[in-house]
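So the structure is just underneath, and the comments pick up after that.
The values are calculated or read from the model by the stated rules, or taken from the named source; none is laboratory data. It should be emphasised that the depicted structure is a prediction, and the values quoted were computed from it without experimental measurement. A quick note on method: Cβ atoms are made from the backbone with ideal geometry, for glycine too, and the neighbour counts reach across all protein chains shown.
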Amino acid sequence: MTTLSYDATGAARQAHEQLLPALLEDKVATRIFAKDPTLWGPDAEAEASVRLGWVEAATVSQPLVADILTLRDALRSEGVRRIVLCGMGGSSLAPEVIAGTAGVELTVLDSTDPEQVAAALADRLTETAIVVSSKSGSTLETDSQRRIFEHAFTEAGVDAKSRIIIVTDPGSPLDKSARAAGYRAVFNADPNVGGRYSALTAFGLVPSGLAGVDIQAFLDEAEEAAEVLNDDSAENIGLALGTALGGTNPLRNKIVIAEDGSGIAGFADWAEQLIAESTGKLGTGVLPVVAGAGSPEATLGAPDVLVIRLVAADADVELGENEVAIAGGLPTQMMAWEFATAVAGRLLGINPFDQPDVEAAKVAARGLLDAQPEPTPADFTDGAIEVRGGDWLGGAGTAAEAVSALLGELGPDGYLSVQAYFDRLAFASLEGVRDQLAALSRRPVTFGWGPRFLHSTGQFHKGGPAIGVFLQVTAAAATDLPIPGRPFTFGELISAQAAGDAQVLSEHGRPVLRLHLTDRAAGVRQLQELVSALAGQTASSTES
């Protein structure tokens, strides 16, 4: 049975009380489920008319289950024990959450870092099958990952075609080439569902199901949730959440999503890409901040911040001012947040289904790959860190002084985005600087691993309010990997992606501090130590 609970205080409660009558009068809930493309205005109508398939995905996807489970059993009978997902953005984040919450092993390769790719290749290759997921079929990262796995399978004496499963839109370039190549299976997703709304389509279900998740139960719960949300009623929690996301006045445009006992592994990371890419455009939008219950942003009480706590269904939660608590199973939560994001888009006056600024970084990266320019000289080097910045660096002569100078560019309504372009699995501890930087700056801080965030929060960085400052961390790799059939390596690709994004951000007038670690382990330690020292100095001065 579907259970979803919700409570709110302060600005979120006021937004619900003020906006609910109009949402009910306009029959927004039932019109969303009727796939009415006029809800977001004339400029969005063409896009919305081909992007509302997600409302019925739980039902439309039911016929996929049998084919996925049959393939899973066949692979297991052939000794395949490990599933690797090659995908980016919505194609990877939903399966990662679904598998993680179910306690099922799924290796998600959503990076072009040569060391992370090499680690994925080195782990039980002969027991591995890969799922290559790309809606358009032209995603450069995913294509590169497929190429190197196909080469590695062949080199290991494994029939590569029998170990490659494709998920893509019907008629895409990948759909056509995969069928021509004779890969093990090709699953087509509903083309009327955008990538970030695709959790309940083949993109979420194929890798999760092959890895061992009970996808039938998952879909059944989601189907029940859709029925509950399809209701023009004051009790519709999806409408309440939508008003919290996009209807506070003045707009609290930093949404701190804090895991607080929900039992859902990594849900905030999935919600982050859904909300940021859907709302961050035309100079507005809301920025999701992935945090913990005790993170600084959850307690600072900033006037532009709203805290949403993900709690257990039976939790007795005492909410602070301007907070929301929401509880529910993963499929129910996914349906509710997709619905609420669509409602928020209407309240914000934007099209929640396009991503007009995502392409800019891709174009810049391709240009740098083609041109292969010499790297920009460092402003200075401090230990294992090369520092590159703008005029705002002033007289900074150490990496710590450079970080302080960047934080000095933060406005009273700004945010800091930390972006790390290297192995997110081997160096996951670096994420610990997020809370320290939030305490240091007393502003919301996001942490994203490149290049995967380019397919999600990258939209907000360029299309949302021009209030962000950016700390980009890149790292030298001990070894590089060629990409079969391509004139560039993985190392060259991720370097171009980082440089391309920094270039676009700078062209938008955003401050970007680029720290390049000449030695990964030493550079990470140095960065962690300097952030700890800065945070400690601030704490000491505050106490005194």
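Within region 33-59, the set of residues being of a type in the set (A, V, I, L, M, F, W, C) and over 24 Å from the mean Cα position of the chain (by Cα) comprises 33, 34, 39, 46. Looking across region 393-445, the residues that are among the hydroxyl-bearing types (Ser, Thr, Tyr) and either without any contact (Cβ under 8 Å) to a residue 24 or more places away in the chain or farther than 14 Å from residue 472 by Cβ (or both) come down to 398, 404, 415, 429, 441.
In this structure, residue 490 does not satisfy being aromatic (Phe, Trp, Tyr), buried (at least 24 other Cβ atoms within 10 Å of the Cβ) and within 20 Å of residue 270 (Cα to Cα).
Give region 411-426 a look and list any residue that's crowded, with 19+ Cβ neighbours inside 10 Å and over 18 Å from the mean Cα position of the chain (by Cα), or say none. Of everything in region 411-426, just one residue is crowded, with 19+ Cβ neighbours inside 10 Å and over 18 Å from the mean Cα position of the chain (by Cα), namely 414.
Scanning for something more than 18 Å from residue 346 (Cβ to Cβ) and buried (at least 22 other Cβ atoms within 10 Å of the Cβ), does region 11-23 turn up at least one residue? Checked against the condition, which is being more than 18 Å from residue 346 (Cβ to Cβ) and buried (at least 22 other Cβ atoms within 10 Å of the Cβ), region 11-23 yields at least one hit. When 82, 51, 72 are screened for being among the charged types (D, E, K, R), in contact with a Pro (Cβ under 9 Å, 6 or more places away or on another chain) and not assigned by TED's automatic domain parsing to the domain that holds residue 344, only 51 passes. Between 330, 319, 369, the distinction of being outside the structural domain of residue 193 (by TED's automatic domain parsing), in contact with a Phe, Trp or Tyr (Cβ under 6 Å, 6 or more places away or on another chain) and farther than 18 Å from residue 89 by Cβ belongs to 369 only.
Can you say whether residue 242 is in contact (Cβ under 8 Å) with a residue 12 or more places away in the chain, at positive phi and either in contact with a Leu (Cβ under 9 Å, 6 or more places away or on another chain) or crowded, with 19+ Cβ neighbours inside 10 Å (or both), as far as the supplied structure shows?
Taking the combined requirement at face value, the residue does not satisfy it.
Would you check if there is a residue in region 333-353 being modelled with pLDDT of 95 or more, surrounded by fewer than 20 Cβ atoms within 10 Å (Cβ to Cβ) and either of a type outside the set (A, V, I, L, M, F, W, C) or over 28 Å from the mean Cα position of the chain (by Cα) (or both)? For region 333-353, residues modelled with pLDDT of 95 or more, surrounded by fewer than 20 Cβ atoms within 10 Å (Cβ to Cβ) and either of a type outside the set (A, V, I, L, M, F, W, C) or over 28 Å from the mean Cα position of the chain (by Cα) (or both): present.
Among residues of region 390-402 being surrounded by fewer than 17 Cβ atoms within 10 Å (Cβ to Cβ) and touching an Asp or Glu at 6+ places or on another chain (Cβ under 7 Å), the one that is nearest to residue 466 (Cα to Cα) is 392.
Taking region 80-139 as the region of interest, how many residues are assigned to a loop (DSSP other than H, G, I, E, B), touching a residue at least 12 places away in the same chain (Cβ under 8 Å) and not hydrophobic (A, V, I, L, M, F, W, C)?
Selection size over region 80-139: 16.
Put simply, of 311, 387, 363 the only residue that is under 30 Å from residue 215 (Cβ atoms) and either among the β-branched types (Val, Ile, Thr) or in contact (Cβ under 8 Å) with a residue 24 or more places away in the chain (or both) is 311. Considering (1) among the basic types (Lys, Arg); (2) modelled with pLDDT of 95 or more; (3) closer than 22 Å to residue 253 by Cα, the lone condition that residue 424 does not fulfil carries the number (3). Collect the residues in region 75-90 that are among the small types (Gly, Ala, Ser) and either touching a strand residue (DSSP E or B) at 6+ places or on another chain (Cβ under 6 Å) or more than 21 Å from residue 189 (Cβ to Cβ) (or both), keeping them in residue-number order. Listed by number, the residues that qualify are 77, 79, 87. If you go through region 427-463 and pick out every residue that is at pLDDT below 95 and among the basic types (Lys, Arg), you end up with 2.
Close Cβ contacts (under 7 Å, 6 or more residues apart or on different chains) running from residues in region 142-168 that are in contact (Cβ under 8 Å) with a residue 40 or more places away in the chain and within 12 Å of residue 178 (Cβ to Cβ) to residues that are aliphatic (A, V, I, L, M) and in a helix (DSSP H, G or I) comprise 150/160; 165/206; 167/202; 167/206. From the list 522, 496, the one residue that fits, being part of a helix (DSSP H, G or I) and buried (at least 22 other Cβ atoms within 10 Å of the Cβ), is 496. Residue under question is residue 110, and the condition is that it be within 24 Å of residue 492 (Cα to Cα) and at pLDDT 95 or above; does it hold? For residue 110, the condition - within 24 Å of residue 492 (Cα to Cα) and at pLDDT 95 or above - is met. Within this structure, residue 534 fails the test of being assigned to a strand (DSSP E or B) and in contact (Cβ under 8 Å) with a residue 60 or more places away in the chain.
Do we find that residue 405 is of a type in the set (Gly, Ala, Ser), surrounded by fewer than 22 Cβ atoms within 10 Å (Cβ to Cβ), in a loop (DSSP other than H, G, I, E, B) and not assigned by TED's automatic domain parsing to the domain that holds residue 274 in this structure? Judged against the criteria, residue 405 is not a match.
Filtering region 151-185 to residues that are within 30 Å of residue 46 (Cα to Cα) and either in contact with a Phe, Trp or Tyr (Cβ under 6 Å, 6 or more places away or on another chain) or surrounded by fewer than 19 Cβ atoms within 10 Å (Cβ to Cβ) (or both) leaves 166, 167, 170, 171, 173, 176, 177. Take the residues of region 104-133 that are under 16 Å from the mean Cα position of the chain (by Cα) and among the hydrophobic types (A, V, I, L, M, F, W, C): which is surrounded by the fewest Cβ atoms within 10 Å (Cβ to Cβ)? Among those residues, the one meeting the criterion is 108. If we keep just the residues of region 56-103 that are among the polar types (S, T, N, Q) and buried (at least 19 other Cβ atoms within 10 Å of the Cβ), which is modelled with the lowest pLDDT? Within region 56-103, the match that is modelled with the lowest pLDDT is 91. Based on what the data block shows, is residue 150 of a type outside the set (Val, Ile, Thr), modelled with pLDDT of 95 or more, out of contact with any His (no Cβ under 6 Å at 6 or more places or on another chain) and over 24 Å from residue 497 (Cβ atoms)? Against the criterion (of a type outside the set (Val, Ile, Thr), modelled with pLDDT of 95 or more, out of contact with any His (no Cβ under 6 Å at 6 or more places or on another chain) and over 24 Å from residue 497 (Cβ atoms)), residue 150 does not qualify. Every test in (1) crowded, with 19+ Cβ neighbours inside 10 Å; (2) closer than 30 Å to residue 332 by Cα is passed by residue 136 save one, and that test is (1).
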